[in-house]
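Working notes, structure below.
Bear in mind these aren't lab numbers, they're just calculated from the coordinates by the rules spelled out. Here the structure is a predicted model, which is why all the values come from computation and not from measurement. Note: ideal-geometry Cβ built from the backbone for every residue, glycine included; neighbour counts use all protein chains shown.
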Amino acid sequence: MHRATEGRTPAELLAAARGGERRAIARLLTLVERGGGAADAITGATHRLTGTAHVVGITGAPGSGKSTLTSALTTLLAEGGRRPAVVAVDPSSPLTGGAILGDRVRMEAATVAGVFVRSMATRGHGGGLALAVPGAVRVLDACGFDPVVIETVGVGQVEVDVAAAADTVVVVVTPGWGDAVQANKAGLLEVADLFVVNKADRPGASDARRDLDLMLDLTEVSGACSARRPTIVETTATKGEGVEDLLAVINTHHAVLVEGTGLEVRRACRLAAEVRARLDHLLGEAAGQALAEAGPVVGETPVETARRLAGRILGAGDTR
Amino acid sequence: MHPDRRTLSGIPVDPVYGAGPLPGEYPYTRGIHAGMYRDRHWTMRMFAGFGTAEDTNGRFKELLRSGGTGLSTAFDMPTLMGRDSDHPLAIGEVGRAGVAVDTVEDMADLFADIDLAAVTTSMTINGPAPILLAMYVAVAEEGGVERGRLAGTLQNDILKEYQAQKEYLFPPRPSVRLVTDVIRFTAAEMPRWNPVSVSGYHIREAGSTAAQELAFTLANGFAYVEAAAAVGLDVDDFAPRLSFFFNSHSDLFEEIGKFRAARRIWARWMRERYGARDERSLKLRFHTQTAGVSLTAQQPEVNIARVALQALAGVLGGTQSLHTDSYDEALALPSQEAARIALRTQQVIAHETGVADVADPLGGSAYVEWMTDELERRAEEVFDRLDDEGGGSILEGVYAGIESGWFMGEIAESAYRFEREVNAGDRVVVGVNAFTEGDEGRSSRLLRIGQDTEDLQRKRLAEVRLERDGSAVRTALARVADEAGRPGANLMPALLDAVRTRATVGEVVEVLEDVFGTYVETAVV
Amino acid sequence: MEVRNKGAAPIRVVLAKLGLDGHDRGLKVVARILRDAGMEVVYLGLRQTTGTIVDAVEQEDADVVGISMHNAGHLTLAPLIVAALADAGLGDVPVVIGGVVPDEDLDELAAAGVGAVLGPGASAVEVVASVRGVVDAGVRASGN
């Protein structure tokens, strides 16, 4: 396929990547993103090497300043001696499969400070992303990056889920009632561990904070994977204001998770979500294959056909 | 000028035809002067700049000798971006696409042996505009011409930089403060100077439609009016000196309609919304440049025809001054020969075609009047949107549109749509997607600026740095920083002091960046 | 336009402007053209340095990098980016230059290691073919 790294096996790439070769890291991420056998092999090789990195998800509406905030946050971390990495997810065009991945424009400060940034396209919403992102996080964790930040646009269930599968989930909103309502609709309220009111130098910032508080009062915060009432932080990412506060709150959240059982619960949830995504993917593939083999259906209702094929798939044993 | 005119066949023609409102009458749709070009031709202002200040000085003198009536300065990319020629990011760009100016010494060389009291000078500069204006004033005064006698135009239109040309230095709000500092300074001390040339040219070049160019440019004009009013100026104290700069593209009647609509909109908004009483505040004066983006690298000689027709649209639209592009500009900077043909094109229009004999000769044409109305209607839709976004302020609406990337998205969308039409063959570009035979033997007499210019300019800069009084520079820069941080202060006096000490453009910009911060665009692809 | 094999991974392209020049109309149009041809475009935008471009090519595992130049500095800047990539061990990633480049400079740019040049008026078909061409040539050269 392509170029210098292609000749190496996943294991060789991983050894080089863990030795600090950035191109090998990038190559592993490419293979994970493509899926298939190589991706499975990398998952196998990295799974036991992970668990160190604090995984932070950052999501919010388009235009909320997520990238600028992610840049400011990771720049601060890098300057403080940490080794942050970012996986920035942007949508693929549903028509052509292509994508314009523009997050690096706003993350230039971070890249100059040495942060490893990888842009990732959704490549269709068919669950590929839900497999690729955990795989990429695993590679970066195994290569010693900490924290690993996943940044996604908070529209679309898959994007929200991907960011939500983190130890600490940050939801970014901007001043203006509309944004908070939008966040509520997109289901972002339920997944947030903390909220950022970004662009806090604009009029309406305190209103946004109050709106969020009101909505949180009305939202039942429960369930095994999220337990605490989210903190609200105000930032003006373009000026770097409030970013230190945000980092402190993120670190506190992590510390609380580590001290208690929170982290284990979180990660069990995350693993379950990944298994679920993988299962959906495998069953989807099997369904497609069974349907293709069945050919045109005559003399059966759709329900009967589906049940018959499901029985065949489920009886088929090991799916690989 | 001769008062009476005849056609080539000897038929006498009147200065104007049709019913009112006539040219020179509100709302000035038909032109801002009653006599238009019969009284005075447009200014043939040719944009030039390359290499070192001496190189460009030579081109200026050549243009004045061959009948040009105004100077227009193109600065190189490092100067436009407020970086010195020895800045690491300047590598490969010093003197390449304009003239390099680092200090007041370069400005002095640029205008050596040119009587600054006798010419009008346009300077295409935006982010560092106040610094370059300070240098021009310093050079003139060192040569004995006081600032009040200087006539010319500073582009100084920062809003369109965020929207289109991307040569911004600081965030929008402090940048607009610099614009209003210049407006205050020239209103008080330079009565013959145009402090802002509100420019649609670059918006169009970046890919907008004619309607978008019209709407965004006038909105920016309104924004500056609001910004200047907000710092306490009376609208009639500065509005007469605001000027505009439009593109003239290939769709002849659309362009003419655009120019006519621009005048009408400006007059009405200035009177009705901003309360202007001075008639001069209502009259939209504009410079026109033919569309660089329309020039083709294929069969470049065909560009001479394109430029002639676009220039004609500018004249029929009532422009006050005109730059005609050179046919070789899709490939490189204009060569001297190509620049001369471009100027001659204007002279043909002015002296041979007769179009200058009658004011607004197309006024009353059903198509042209409809086009004018239609473009006005489309512009008003944009103003409504911005007014809403800004909560009753066009200035705030423009800020919001910049911060959200709205302008850039609209422009990028139009650019891509045009590209697709050309690629699909739905829009013919002669020599590119049709009539392509005959493209052999390209001219290779291109003007090339080499690495030696860059090296020479760095050497000159190093000499100035060595010879100047370093402590005087530091003191002056510290004052610039203080004034920048003081709300309500006007930076111009401190900038004048700083450039006189031979502080460089880059040094002043860095001091200002420390106070104002820098800006990363909202990338809308 | 050739249709790539269904299921093949998209070509990843890094697009940037090197230096101070702010003319980004062409870069944006090319970004959309490549996206609509099914490629993944990592858009760096304005005012990039050889350092930021090399970082992006490396971290994004790009197949090709496209640099837009309208500042008449291409004969100085293009060799700098080719050399910077080589220094970082990324010499196999082809460089495509687009913008205002006269024909007479093509030989010098090719000699400097530039994979392809897209001059004024290049059509969408030419842009896509050129990018695919240098990527495919790189694949053949690496023997895979």
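For the reader, a short list of remarks on this structure follows.
- Where labels lie 7 Å past Cα in the beta-carbon direction, separation of B:Ala151 and B:Ala434 in nm: 4.5 nm
- Alpha carbon centroid spacing (whole Å) that separates region C:31-75 from region C:86-108: 12 Å
- Put simply, the amide H of B:Thr73, placed in the peptide plane, has neighbours under 5 Å in B:Ala48, B:Ser122, B:Met123, B:Thr124, leaving out anything fewer than 5 places away on its chain.
- Peptide A:21-30 has a mean shielding of 4, counted as Cβ atoms of other protein chains within 10 Å of each residue's Cβ.
- If you sort the three axes of the alpha carbon gyration tensor as a ≥ b ≥ c, you get a/c of 1.5 or more for the protein assembly as shown and a/b above b/c, which makes it prolate.
- The C-alpha atoms of region B:88-173 occupy a region whose extents along the principal axes are 37, 29, 17 Å, arranged from largest to smallest.
- Förster-model FRET efficiency, 41 Å R0, B:Asp39 and B:Arg474, C-beta, rounded to 0.05: 0.20
- A:Ala41/A:Ile313 FRET efficiency (R0 35 Å; Cβ-Cβ; nearest 0.05): 0.90
- For the segment B:86-95, counting C-beta atoms of other chains within 10 Å of every residue's C-beta and taking the mean gives 5.
- For the protein assembly as shown, share of DSSP beta bridges that run antiparallel, in % to the nearest 5: 5 percent
- Amide H within-cut-off set for A:Val117, under 5 Å, with H built and near neighbours excluded: A:Val86
- Pairs spanning more than 22 Å between alpha-carbon atoms, out of B:Lys160/C:Lys17; B:Lys61/B:Lys283; B:Lys166/B:Lys258; B:Lys160/C:Lys28; A:Lys239/B:Lys166; B:Lys61/B:Lys166: B:Lys61/B:Lys283; B:Lys166/B:Lys258; B:Lys61/B:Lys166.
- Mean residue ellipticity (222 nm) of the protein assembly as shown, computed from DSSP H runs ≥ 4 via -39,500 (n - 2.57), nearest 500: -15000 deg cm²/dmol
- Per residue of peptide C:116-123, the mean number of Cβ atoms on other chains within 10 Å of the residue Cβ is 4.
- Share, in percent, of DSSP beta bridges within chain B that are antiparallel, nearest 5: 10 percent
- Cβ-defined net charge surrounding B:Gly257, 9 Å radius [Lys, Arg +1; Asp, Glu -1]: -4
- Across chain A, the relative contact order, built from alpha-carbon pairs under 8 Å that are at least six residues apart, equals 18 percent.
- Euclidean distance of C-alpha centroids, region B:458-525 and region A:75-90, integer Å: 33 Å
- The value for region B:275-352 of Rg(Cα) / (2.2 N^0.38 Å) is 1.29.
- Across chain C, the relative contact order, built from alpha-carbon pairs under 8 Å that are at least six residues apart, equals 23 percent.
- In order through region B:229-240: 3J(HN,Hα) via Karplus (6.51 cos²θ - 1.76 cosθ + 1.60), integer Hz, x for Gly, Pro: 5, 5, 9, x, 7, 7, 4, 6, 7, 10, 4, x
- Largest-first ellipsoid semi-axes for region B:1-134, taking √(5λ) over the Cα gyration tensor eigenvalues, angstrom: 40, 18, 12
- Using the Karplus relation 6.51 cos²θ - 1.76 cosθ + 1.60 with θ = phi - 60°, the per-residue 3J(HN,Hα) values for region B:517-525 come to x, 10, 9, 10, 5, 7, 6, 10, 8 Hz, with x marking Gly and Pro.
- With one equal scatterer per alpha carbon and no solvent term, the Debye-computed log10 I(q)/I(0) for chain A at 0.07, 0.12 1/Å reads -0.31, -0.85.
- Gyration tensor verdict on region B:25-424 (Cα atoms; rounded if a/c is under 1.5, prolate if a/b is larger than b/c, oblate otherwise): rounded
- Summarised in one figure, the compactness ratio Rg/Rh of region A:1-49, Cα atoms and Kirkwood Rh, is 0.92.
- Kirkwood estimate for region B:467-512, i.e. one over the average of 1/r between Cα atoms, Å: 10.3 Å
- As a length-normalised measure over Cα pairs under 8 Å and 6 or more apart, the relative contact order of chain B settles at 19 percent.
- The packing ranking, built from the mean of other Cβ atoms within 10 Å per residue, places the peptides A:244-256, C:49-61 in the order C:49-61, A:244-256, highest first.
- Inter-centroid distance (Cα atoms) of region B:58-126 relative to region A:247-274, Å: 60 Å
- Distance between the modelled labels on B:Arg427 and A:Arg202, one decimal in nanometres: 3.2 nm (7 Å Cα→Cβ projection).
- Region B:118-228 pair-distance distribution - Cα-Cα, 10 Å bins, rounded %: 15, 45, 30, 9, 1
- Of the GluC sites (Glu not before Pro) in region B:82-167, those whose Cβ has at most 16 other Cβ within 10 Å and which sit in DSSP loop: B:Glu146
- FRET efficiency for A:Ala248 and B:Ala230, using Cβ-Cβ distance with R0 set to 35 Å, rounded to 0.05: 0.35
- B:Ser326 long-range amide H proximity, modeled H, under 5 Å: none
- Region C:12-141 shape via C-alpha gyration tensor axes, a/c threshold 1.5: rounded
- Summarising the label geometry, the points placed 7 Å from Cα in the beta-carbon direction at C:Glu108 and B:Thr353 lie 3.8 nm from one another.
- Stretching the chain fully between B:Glu141 and B:Val13 yields a gain of 41.4 nm (0.36 nm per residue, less the alpha carbon separation).
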